[in-house]
Every structure is written in structure tokens, then in C-alpha cells.
1. Being farther than 30 Å from Ser26 by Cβ, outside any helix (DSSP H, G or I) and at pLDDT 80 or above: is that true of Leu89 here?
2. Would you be able to say whether some residue in segment 39-58 is open to solvent by 80 Å² or more (accessible area, probe 1.4 Å), in contact with a strand residue (DSSP E or B) (Cβ under 8 Å, 6 or more places away or on another chain) and at pLDDT below 75?
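The values are calculated or read from the model by the stated rules, or taken from the named source; none is laboratory data. Please read all numbers here as calculations on a predicted model, not as lab measurements. We place every Cβ from the backbone using ideal geometry, glycine too, and count neighbours over all the protein chains shown. Quick note on the areas: whole protein, heavy atoms, side chains included, nothing else; ligands and nucleic acids left out. Shrake-Rupley method; radii C 1.70, N 1.55, O 1.52, S 1.80 Å.
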Amino acid sequence: MPLFGNTFSPKKTPPRKSASLSNLHSLDRSTREIELGLDYGIPTMNLAGQSLKFENGQWIAESGGSSGDHRETQRLRKRNQQLEEENNLLRLKVDILLDMLSETTAESHLMEKELEELKNHSRRRK
């Protein structure tokens, strides 16, 4: 037997305490908001002297005169996107028309060659 006991047997760890004695995690969101006052309102921040608020998934400038400017900017962005889509469609149509024109031109040249060959062939027979 070792003199000071078995040095390789670790001591038993005491049981852990419960992580939380509170039942708040079991409450639904609306009850927690009522009980704890978790209604924070709209997130806002001040960046470079301009106040911004987060609404409908976008940061919007809060100053009184710029809300109209913001709406105008949003409207212009939407219109710009519509015009870009229309422009892309028109470019596609022009490409298709140019392809059709080159195909028709090639067919026309082939027909002209065939016609010339037939004329030459018929002249040789006479």
C-alpha cells in the first residue's frame, strides 16, 4: 500500500447545480414582453450625424425632410431597375433580329449563287 493513498484515483466531482432555476425560458414571447418589458421599439442609430431607423428590413434616414427624399430615392431605384430590365429585353430582341437578318442574308446569297449557276448552265446548253 502506498504511503499517502492511491494518487491515481480522482476525486468525485460534486453534482452540478441546475442551469437556471427560472421558468422564463418556458414562457412564450408575448408573455415575456409583458412580464419583463422587452418591447424595445424600432432600432435606431446615429451615424456621421445622421439618425437612422430600421424599418421593414431597411435602414431609413429619420430626419423630417429626408423621408420624402428617401421615398423618392426608393421610387427612382425601382424605376431604374424596371428600365434596366426593359433595356436587357430590348438588347436580347436586337440580338435575335440581327441573327435572323444574317441568316436571311446568307440564304439570299446562296439562292443568288444557285440562280447564277442555273443561268450559266442554261446558256451553255443553248
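1. Values: farther than 30 Å from Ser26 by Cβ: yes; outside any helix (DSSP H, G or I): no; at pLDDT 80 or above: yes.
Criteria not met by Leu89.
2. no
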